[in-house]
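Laboratory data are not the source of any read-out in this text; all were calculated from the coordinates shown. Keep in mind the model is a prediction, meaning the values are calculated, not measured. Virtual Cβ from ideal backbone geometry, glycine too; neighbours counted across all protein chains shown.
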Amino acid sequence: MAGADGDDSLYPIAVLIDELRNEDVQLRLNSIKKLSTIALALGVERTRTELLPFLTDTIYDEDEVLLALAEQLGNFTMLVGGPEYVHCLLPPLESLATVEETVVRDKAVESLRKISQEHSPVDLEVHFEPLVKRLASGDWFTSRTSACGLFSVCYPRVSSTVKAEIRQHFRTLCSDDTPMVRRAAASKLGEFAKVLEPEYVKSDIISLFTALASDEQDSVRLLAVEACVSIATLLPQEDLETLVMPTLRQAAEDKSWRVRYMVADKFSELQKAVGSEITKNDLVPAFQNLLKDCEAEVRAAAANKVKEFCENLPEDNREQIIMTHILPCVKELVSDTNQHVKSALASVIMGLSTILGKDNTIEHLLPLFLAQLKDECPEVRLNIISNLDCVNEVIGIRQLSQSLLPAIVELAEDAKWRVRLAIIEYMPLLAGQLGVEFFDEKLNTLCMAWLIDHVYAIREAATCNLMKLVEKFGAEWAQNTIVPKVLGMANDPNYLHRMTTLFCINALSEACGQEITTKQMLPVVLKMSNDQVANVRFNVAKSLQKIGPVLDSNALQTEVKPVLEKLATDSDMDVKYFAQEAISGTFCFHPPSTKSLNFNLLNFLFLFFLCSSGPRITIPNQQLKAEISCKQNYTFTGYLLMFRNNW
Amino acid sequence: MKCFSRYLPYLFRPPSTILSSTCHTEADIISTVEFNSTGELLATGDKGGRVVVFQREQESKSQPHRRGEYNVYSTFQSHEPEFDYLKSLEIEEKINKIKWLPQQNAAYFLLSTNDKTVKLWKISERDKRPEGYNLKDEDGRIRDPSTITSLRVPVLQPMDLMVEATARRIFSNAHTYHINSISVNSDLQTFISTDDLRVNLWNLEITDRSFNIVDIKPANMEELTEVITSAEFHPQQCHTFAYSSSKGSIRLCDMRLAALCDKHCKYFEEPEDPATRSFFSEIISSISDVKFSHNGRYLMTRDYLTVKVWDLQMENKPVETYQVHDYLRGKLCSLYENDCIFDKFECVWNGSDSVIMTGSYNNFFRMFDRNTKRDVTLEASRENSKPRAILKPRKVCVGGKRRKDEISVDSLDFSKKILHTTWHPHENIIAVAATNNLYIFQDKVN
């Protein structure tokens, strides 16, 4: 124990202990997170006799503190003296397992499960199992729900009499009065079934499962579907038909859409669990029904599973099942009334082409893809475009390109900027699949148009897109097609477009390589250092710093340095600052004077958040003057709005 | 009604009110009152955004008659006045409804709502506090760090009971119109909040999203013909809820059928009697409150003049109709002029669904025994109630001749209205909110 070591080592611990009850939550949280340090300083005995009793009663705290405490206690075994004393951790975790906040309770249960492994079989029966029983028969449902998660960890390691008791407790909780507890039991049913002896799975679990699956509350029934997966994997194939399938069939046709939704959502797992024979006979018709369900949510969930379901069908007659049973339903879904259903389908439908092969894809799937590419909902079109790679492998993209182009153009000009943003992100992928010729012919203009979009996020994504395209098509292509256009924007009357040139150069310099950067880009950047707008000038400084590593030292010394030095004496404070930053960054043997650094520090902090790339805000009056003197065609409010967009 | 006599008149007022009922501020007016599921606690909300929770005294040997007395347990400010800057609207702090959650651990939970925001409150007790600091001595003086030679772990010591109320969740930004009711689902996982045109479904643990399950807003607001006035979950079937409309109809929805409940599965409406049709017919048929019976078989609705009981199996007419204050039928014109006709009276069942209670004017409230078909008018007032006396039935005279003890219709005080009442879930204890006074009546013990 500490003490003799002197005050230096004790003081920080003393602070930590005192802060366990500080009024500031953040400090308490901090202390709780360093609980192991405190325990280490106190030693194992005082931890057991003083710290843990104190923590057991500290359940009044904020959720985040309790959550941290519950987590810490799961790793505390060594700090209380090793496995021999691990049961000392049970009281605080027990009280945490009864709080009303689900996340805290779950964390406490998680920690209890963890430390249960560290109990010796004797301790497990003497200390742990009684705790589980106490929780299971607690007055409040919070404790009973926590108990549900603990049965499975202690069951395998206790004597057969205790096992019988545990099974009895679990049975009781499955028919608890409160739906909360029944839900907890239903969600742990599968896990519990796994640790049970096979004979009890049949005798106990099946009856509980059937009861929960026909519970009066649909919130309980839907959880039984999940249990169905694990129970089905535990039973031999010949028992499935009689023991599980009646319940599963009933769930797939449940009156409540939420239960059917759950079946649809778990369909692939169910399919794997019940095996191919039952899949063929039972699940295929069930899946058809789910795809035709009257509730859109169910249809959407089922549509999401179409690809996975088809993939996992038994090989021998997979194609036949898909063509005769699944595809007709899919065809209907393409013209569904609900856009979420359509977009769920669109996100997986392309995957069917690999399963069905070239001929079927061209004959049956292609018309569907084309229909979806013309869908009124942008999300559907986007989902199709984002999954083009699957089709490309099977039939090549040329088949689609005629319909693809109008769809892309329409999305590219969509009124919602988030839709435009989404399509930009797929551009490199599309370019790769469509090839450079098609791209130059049809899509290049779109990519350039995005550079002058009125939303900053789009302009930014467009620059990034250019970089990826150059990486794909190479520097030569860049030099011929995009670099001239980008550099042309340097003379644009709108300063935002001029800045876009700089951002593009930042992004492209590395991909284009030293020659293009030095010969074509650098002169433009240097010329822009005389721009009227300070925003452009300080971005010149930033650009020079950025492209510095790509340039050779000759160009750096003879061309870049003089310009930066000139900018460092600019009348504008921020231009000066960034120029000095660039100088010190590029030519590290010229550290900036401390004076100017201090001078700019405040300004820098201000800028740090507000304008690392967009228009800046400095002292409004100055800025306003600058704007007016530039005779730009925007008002001050317009400027602020753009600023918000950039955010 | 024979069984219902007053044994002990309790009169509670929100703290900080001035004792004289003629001199109260607007903020003290009680706007909702609700027992919890065991009846041990009773909560009131007022126009000032405060919630007052009363707790029933435990039986003690020395004062056996005090059993049943409700004392203030906790008082807290649930809602504050706010301003919606986007719509330039003031949001009142008035508590529109309070609903208790079934008890889940030693603490109590309730939902309170104003026009826009629902809050989940936790009311918990604390009777221990940690003692012993390392850096401070017993008197709170900072100790010199160099004198710290050993570590002290704080010890919890008993202290006076402290009741704390903390806002655990805030469910906001989901309602464009005014919330008129909230209801907790029997699955203990979800609740609904209802405004004039929409019903939203929330998970009690998730505040950042809710699902709109009913939306009756027409595309063109000029076509608006009815609004939702109240909604409630079925007490046992977690998938069923009912909502009432200003047109006097009730719709029953089944959440199993579809995610959106715009289509109802049952529609309760009584055809209008052409003989009594008047200018006010539509206004007085508007339902101000809908309540499921505890057994879940019946629905009770309150409109301006009547209380109706509907069997869930019969949609075309109510099984029982009770006149609350039919004598006002002739005075609708003046009630329209002083806006009283728009008052929203609530109604409650007793624990066994055999008696119905609802409010009226002049501090009167009415009870109807569904088995004997007897009814009674009682008055909540301090002036004529002596402790341990039996509450005397009151009568309003309708004819020309006024008998002794009777009150003429013209002398009723329409400013004294009883809108909010609640009945203990198991016992004959009722709480009646009369403007800023809360009366708790109880029938004979033994």
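Tell me what the protein assembly as shown gives for mean residue ellipticity at 222 nm when only DSSP H runs of n ≥ 4 count, each as -39,500 (n - 2.57), the sum divided by the residue total, rounded to 500 deg cm²/dmol. Kindly include the intermediate steps, with their values, before the conclusion.
On the way: 43 runs with 440 residues, N = 1093.
After summing the helix terms and dividing by the residues of the protein assembly as shown, the value is -12000 deg cm²/dmol.
Report, in degrees rounded to the nearest 10, the 0 to 90 angle that the Cα long axis of helix A:267-278 makes with the longest principal axis of chain A.
60 degrees
What percentages make up the Cα-Cα pair-distance distribution of chain A when the bins are 20 Å wide from 0?
15, 28, 34, 22, 1
Check the straight Cα-Cα distances from A:Lys342 and name the lysines below 16 Å, setting aside those fewer than 8 residues away within the same chain.
A:Lys292, A:Lys305, A:Lys307, A:Lys331, A:Lys374
Can you tell me the orientation of helix A:218-234 relative to chain A, as the angle in degrees between its alpha-carbon axis and the longest Cα principal axis, to the nearest 10?
Between helix and principal axis, roughly 80 degrees.
If each of A:Glu319 and B:Ala167 carries a label point 7 Å out from its Cα toward its Cβ, how far apart are those two points in nm?
Here the modelled spin labels are 6.5 nm apart.
Applying 1/(1 + (r/R0)^6) with R0 = 35 Å to the Cβ-Cβ distance of A:Gln288 and A:Arg398, what FRET efficiency is obtained, to the nearest 0.05? Could you put the intermediate results ahead of the total?
Details: r = 34 Å, r/R0 = 0.96.
With R0 = 35 Å, the Cβ-Cβ based efficiency is 0.55.
At most 10 other Cβ atoms within 10 Å plus a DSSP loop assignment makes a site exposed; report the longest stretch of chain B without any exposed chymotrypsin sites (Phe, Trp or Tyr not before Pro).
Working: sites that count: B:Tyr85, B:Phe279.
My reading of the result: B:86-278 is the longest stretch.
Return the lysines within reach of B:Lys317: Cα separation strictly under 24 angstrom, same-chain partners fewer than 8 residues apart disregarded; answer none if there are no such residues.
B:Lys247, B:Lys263, B:Lys266, B:Lys291, B:Lys308, B:Lys344, B:Lys373
Do you know the Lys pair count in region A:474-586 for C-alpha distances under 15 Å, with sequence separation 8 or more or different chains?
Step by step, the pairs that qualify in region A:474-586 add up to 10.
What is the Å³ per residue value for the convex hull set by the Cα atoms of chain B? Walk me through the numbers on the way to the answer.
On the way: hull volume 90.6 nm³, N = 446.
Hull volume over Cα atoms, normalised by residue count, gives 203 Å³.
Using a Förster distance of 25 Å, how high is the FRET efficiency between B:Ile283 and B:His178, based on the Cβ-Cβ distance and rounded to 0.05? Provide the component values of the computation, followed by the final result.
Working: r = 18 Å, r/R0 = 0.73.
Efficiency, rounded to the nearest 0.05: 0.85.
Can you tell me how much longer the chain between A:Lys255 and A:Ser159 gets when fully stretched, taken as 0.36 nm per residue apart minus their C-alpha distance, in nm with one decimal?
Working: separation 96, 0.36 × 96 = 34.56 nm, distance 4.27 nm.
Between A:Lys255 and A:Ser159, full extension yields an extra 30.3 nm.
Please grab the % of Cα pairs in region B:311-432 that end up more than 25 Å from each other. Provide the component values of the computation, followed by the final result.
Numbers: 2145 of 7381 pairs.
Distances greater than 25 Å cover 29 percent of the Cα pairs.
By how many nm would the segment from B:Asn338 to B:Thr25 grow when fully extended, if each residue of separation counts as 0.36 nm and the alpha-carbon distance is taken off? Please report the intermediate quantities before stating the final value.
Values: separation 313, 0.36 × 313 = 112.68 nm, distance 2.04 nm.
Stretched out fully, the B:Asn338 to B:Thr25 stretch lengthens by 110.6 nm.
Could you tell me the convex hull volume per residue, in Å³, taken over the Cα atoms of region A:474-586? List each step's numbers first, then the result.
Values: hull volume 8.9 nm³, N = 113.
Spread over its residues, the Cα hull of region A:474-586 gives 79 Å³ apiece.
P(r) tail for the protein assembly as shown, what percent of Cα pairs lie past 59 Å? Could you put the intermediate results ahead of the total?
Working: 185935 of 596778 pairs.
Tail fraction, whole percent: 31.
Mind giving me the nanometre distance, one decimal, between the label points for A:Glu216 and A:Asn530, set 7 Å out from Cα along Cα→Cβ?
Rounded to a tenth, the inter-label distance reads 8.7 nm.
Taking the Cα centre of region A:474-586 as the origin and placing charges on Cβ (Lys, Arg +1; Asp, Glu -1), which of A:Leu496, A:Pro484, A:Val550 is farthest toward the positive end of the dipole?
Checking the options against the dipole of region A:474-586, the answer is A:Leu496.
Using a 10 Å cut-off on Cβ to Cβ distances, tally the other chain neighbours for every residue of B:151-163 and report the average as a whole number. Write out the running numbers ahead of the final one.
Numbers: counts 15, 4, 13, 8, 4, 5, 0, 0, 0, 0, 0, 1, 0.
The per-residue average across the peptide is 4.
In nm, give the distance between the simple-model label positions of A:Glu110 and A:Glu376, each being 7 Å from the Cα along the Cα-to-Cβ direction.
Label at A:Glu110, label at A:Glu376, 4.5 nm between them.
Going by Cα centres, region A:180-199 and region B:293-315 are how many Å apart?
41 Å
So which lysines can A:Lys202 reach, going by Cα to Cα under 17 Å and dropping same-chain residues fewer than 8 places off?
Correct list for A:Lys202: A:Lys163, A:Lys188, A:Lys194.
Got the relative contact order for chain B handy, in percent, Cα pairs under 8 Å and 6 or more residues apart?
Details: 1046 pairs, mean separation 65.6, N = 446.
The normalised contact order for chain B reaches 15 percent.
Cut-off 11 Å, label point 7 angstrom out along Cα-to-Cβ of A:Lys280: give me the residues of region A:299-317 whose amide nitrogen falls inside.
Those under the cut-off are A:314-317.
Going 7 Å from the Cα of A:Asp492 along its beta-carbon direction, which residues of region A:395-419 have the amide nitrogen within less than 20 Å of the resulting point?
A:412-419
Please give the FRET efficiency for B:Val72 paired with A:Thr102, using the beta carbon to beta carbon distance and R0 = 45 Å, rounded to the nearest 0.05. It would help to have the intermediate numbers written out before the result.
Working: r = 31 Å, r/R0 = 0.69.
The calculated FRET efficiency here is 0.90.
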